[in-house]
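This report refers to the structure that appears directly beneath it.
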Amino acid sequence: MTEPQTPAPDNGPDSASGSRWAAFMDDLTGVNVDWRSALLVPVLAITAALAVSVIIIVVSDIELWREFSLSALGDAIGQAGSAMWALFTGSFGSLAAVSSTLAFSAPLILAGLSVAIGFKAGLFNIGAEGQMLMGGMAAVALGITIDIPVFLNVPLAVIGAMVGGGIWGGIAGLLRARTGAHEVITTIMLNSIAGLAVIWMLSTDFFQPAGRQDPVSEDIAVSARLPRLLGFLDRTDLRVHFGIIIALIAAYAIYWLLYKSTIGFEFRAVGFNPDAAHYAGMKVTWLYVSVMALAGGLAGIAGMTQINGLLYRASPGFAAGIGFDAISLALLGRSHPAGVVAAGFLFGALRAGGLEMQVVTDVPIDLIGVIQALVVVFIAAPALIRAIFRVKTGEEIGQLTTGWGT
């Protein structure tokens, strides 16, 4: 006599939500990676980076080495502690600090998404800086010539910046698809061309305000400026603007595109193996152009947030190196939109806190670049972090060096 089969338990909606959460964490941290460990390692890496930065501040204190003593050592350690406290308070210590962090984060997130989507397709987009410049200049051109209601002018600026940056990124994609020219080389060259083109454009009568000879543009129309999210408080130090909302919407849109749509699957398939994707019937040439154009469009919107959200005019250095920081952001975020958002907030906090640190202490703002580099180094070596902090995990955490898209 056969025993009755016991039906599998049905946990209902909770089971479904749990499986969706597991799938999301697999996408974010890597398949078969323990998500608790994968999230713990970045936190410990940031802690280690800050600790090493304190040591660098102490060691680089010239007064300490001129007359070494316990008192001088104590003063150097105190200065390092003050610098770290200023870094924190400048990032999160007040409403104005949080506002600055969010304002700095918006273009970082958008530029990071630009590089990340390239990584997912197996392309190394180093051209986010140039794409930011061209997208920003497109937004400036619209902002100084068109003055329509803000609810029309802001979307127009976003579209114009996306087109400007998309064309610049699409050039590199087309060269890769048609001639095999590597996107690393072409995007580096396009960065230089974009930088020189901006200087030339800002010297023309179309952009330059009357009576000025230096390379700077006119102010964009008030209706083209991104609205301040805390403008109702009537405080000039609250700089957070609608750009952070645009960045978060873009991050969700890229997540949906990559993991919920057919074209996103094709992007990732090409990134894993372009030959297999071609054999499966995918148009690899068209996909390369599309990925780079989309990446350029995202970077172009990042340039627009710099102009329309903070500066209101263009000058040669308005991209501020954000396009190059975006490479680190994409790596830290494991090329996943949620990871890029988290990394963007981190780098935005470092930029905002670095300004406060420079004002309050004698520590130069260049230390922020050192901290960013240390975070990248420590996160790229999870085995080192686990050894330093004696973290025991059941599974090995995937190395960043296994591929740009992982």
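Using 1/(1 + (r/R0)^6) with R0 = 22 angstrom and r between the beta carbons of Gln213 and Ile146, what's the FRET efficiency to the nearest 0.05? Intermediate results must be reported in sequence, preceding the final value.
On the way: r = 26 Å, r/R0 = 1.17.
Computed FRET efficiency for Gln213 and Ile146 comes out at 0.30.
Simple rule: put +1 on each Lys or Arg Cβ and -1 on each Asp or Glu Cβ in segment 104-332, find the dipole, and look at Gly231, Pro155, Trp286; the Cα lying farthest toward the positive end is Trp286. Proximity of backbone amide H atoms, modeled 1.01 Å from N, is registered between Leu226 and Gly309 at under 5 Å, excluding neighbours fewer than 5 places apart on the same chain. A DSSP coil position with no more than 15 other Cβ atoms inside 10 Å describes the following trypsin sites (Lys or Arg not before Pro) in segment 185-273: Arg212, Arg235.
For a paramagnetic label modelled at 7 Å from the Cα of Asp234 toward its Cβ, which residues of segment 66-96 fall within the zone defined by backbone nitrogen distances under 20 Å? Output list for this probe position: 95-96.
Sorting the segments 335-344, 144-153 by their residues' average number of neighbouring beta-carbon atoms within 10 angstrom, most packed first, yields 335-344, 144-153. Phi-derived couplings, Karplus 6.51 cos²θ - 1.76 cosθ + 1.60 at θ = phi - 60°, listed residue by residue for segment 368-373: 4, x, 5, 4, 4, 5 Hz, with x used for Gly and Pro. Placing dummy labels 7 Å off each Cα toward the beta-carbon, the span from Arg178 to Ser60 is 4.6 nm.
Among 294-302, 82-90, what's the highest-first ranking by average C-beta atoms within 10 angstrom per residue? Spell out each step's value before the answer.
Working: 294-302: 33.0, 82-90: 20.0.
Sorting 294-302, 82-90 by mean packing, highest first, produces 294-302, 82-90.
Taken along the Cα-to-beta-carbon direction at a fixed 7 Å, the label points for Ser69 and Ser315 span 4.4 nm.
Given an 8 Å cut-off on Cα distances and at least 6 residues of separation, report the relative contact order of segment 251-400 as a percent. Before the final figure, lay out each step's value.
On the way: 80 pairs, mean separation 21.5, N = 150.
Over segment 251-400, the number comes to 14 percent.
Any idea what the relative contact order of the chain is, in percent, if you count C-alpha pairs under 8 Å spaced at least 6 apart? Before the final figure, lay out the partial values.
Working: 696 pairs, mean separation 127.2, N = 406.
It rounds to 31 percent for the chain.
Segment 92-135 and segment 289-355 have Cα centres separated by 2 Å. Every helix of 4 or more DSSP H residues in the chain counts as -39500 (n - 2.57), and over all residues that averages to -23000 deg cm²/dmol at 222 nm. Charged side chains reduced to their Cβ positions (Lys and Arg at +1, Asp and Glu at -1) give segment 194-336 a dipole of some 360 debye around its Cα centre.
Could you grab the relative contact order for segment 104-332? Cα pairs under 8 Å, six or more apart, rounded to a whole percent. Numbers along the way, then the final one.
Numbers: 449 pairs, mean separation 101.2, N = 229.
It rounds to 44 percent for segment 104-332.
Rounded to the nearest whole Hz, the Karplus-based 3J(HN,Hα) values (6.51 cos²θ - 1.76 cosθ + 1.60, θ = phi - 60°) of segment 381-388 follow the sequence 10, x, 5, 5, 5, 5, 6, 5, with x at glycine and proline.
Place the peptides 129-136, 112-119 in order of packing, highest mean first, counting for every residue the other Cβ atoms within 10 Å and averaging per peptide. Spell out each step's value before the answer.
Working: 129-136: 33.4, 112-119: 31.4.
In descending order of packing, they fall as 129-136, 112-119.
Using only side-chain charges placed at the Cβ, +1 for Lys and Arg and -1 for Asp and Glu, the dipole size of the chain relative to its Cα centre rounds to 580 debye. Phi angles across segment 187-203 convert, under the Karplus curve 6.51 cos²θ - 1.76 cosθ + 1.60 with θ = phi - 60°, into 3J(HN,Hα) values of 6, 4, 5, 5, 4, 5, 4, 4, x, 6, 5, 5, 4, 5, 4, 6, 9 Hz, Gly and Pro given as x.
No value in this document is a laboratory result; all are computed from the given coordinates. Bear in mind the structure is a predicted one, so any value in this text is a computation, not a measurement. A quick note on method: Cβ atoms are made from the backbone with ideal geometry, for glycine too, and the neighbour counts reach across all protein chains shown.
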